[in-house]
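Working notes for the structure below.
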Amino acid sequence: MSIGNSNSPEEERPSTDDRSEDRLVERSVEEPSIGTALKKARIAAGLTVDEVSSITRVRIPIVHAIEEDDFTRCGGDVYARGHIRTLARAVHLDPAPLVESYDAAHGGRPAPTPAAPMFDAERIRPERQRPNWTAAMVAAIVAVIGFVGFTAFSGDAEKEKRPVAEGSASPKPAPKQSGGKPAAQPSQVPPAAKPEPSDSAIAAAPKDLVTVVLTADTGESWISAKDSTGRLLFDGTLVQGQSKTFTDKESVDLVLGDAGVVKLFVNGKEIKDDFQPGQVERLTYTKEDPSQGQPQAG
């Protein structure tokens, strides 16, 4: 039996570490770089660098640099990844493995930019305001109410400013005492007796009109006076010392409630009829009256 140095099967097998290193070497040999892969794919697609540049809008110098694995001319990692994707699609390659290789060789994929500023901008955008119809309707109602109130107030003011026609108001009679004479009111001064018409005043009565002058001489009396058309000139009470004058072109009709206390002048002449106290008289005078009696001093 010969004794020799022979290797056992275990010694002839390669170790595990050797096999791992071999696979790494084979893998590194099999996988081309990013630039090489893009260049081979371009050539296989039958495209020139100029044609790829026209398709992708990537400038020719940058295409050459990327095919040489020089990414410094891209302007940053973001632009480099974008160019790799664009060129890969143009030459019919899947861009995802190439971008992963780029990220592995250049420090990984950057963190995504937060979208908060965009939401902040949306949040601070002023909201468009809608017209406030309720406030507009309230303002319109207030304006209408104000206009109606102003119109009513103006109408009342106009009524107050209109002159009161002679004879439209009746003076209040003074309260009588038990002796039959009116008593002066405590808060009012007794009206001073008006002087009776003088001869000159009576003579000045116009000749083309009927002029009637009534004076409550010794007491108060209710009287009514109308013109020739039946229009009411006065309807009320004359207190003691008060006088009224009525004129018309044709005639004046009188009703005296207490003819005995009234002095009566017609067309400048005093009427001396013997009227009794408390006697009611209905009288009518024209321009030709009085038909009897002479002018007398008051």
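The residue pairs whose first member lies in region 57-81 and is closer than 19 Å to E31 by Cβ and outside any loop (DSSP other than H, G, I, E, B), whose second member is polar (S, T, N, Q) and open to solvent by less than 90 Å² (accessible area, probe 1.4 Å), and whose beta carbons are closer than 8 Å, counting only pairs six or more residues apart or on different chains, are E67/T36. Checking each residue of region 187-210 against the condition of being modelled with pLDDT of 90 or more and open to solvent by less than 30 Å² (accessible area, probe 1.4 Å) gives at least one match.
Would you mind stating whether T229 is modelled with pLDDT of 90 or more, surrounded by fewer than 16 Cβ atoms within 10 Å (Cβ to Cβ) and out of contact with any helix residue (DSSP H, G or I) (no Cβ under 7 Å at 6 or more places or on another chain)?
Yes: the conditions hold for T229.
The values are calculated or read from the model by the stated rules, or taken from the named source; none is laboratory data. Everything numeric here is computed off the predicted structure, so don't read it as measured data. When we count neighbours, we look across all protein chains shown, and the Cβ atoms used for this are built from the backbone with ideal geometry, even at glycine. In case anyone asks, the SASA skips ligands and DNA or RNA and just uses the protein heavy atoms, side chains included. Shrake-Rupley method; radii C 1.70, N 1.55, O 1.52, S 1.80 Å.
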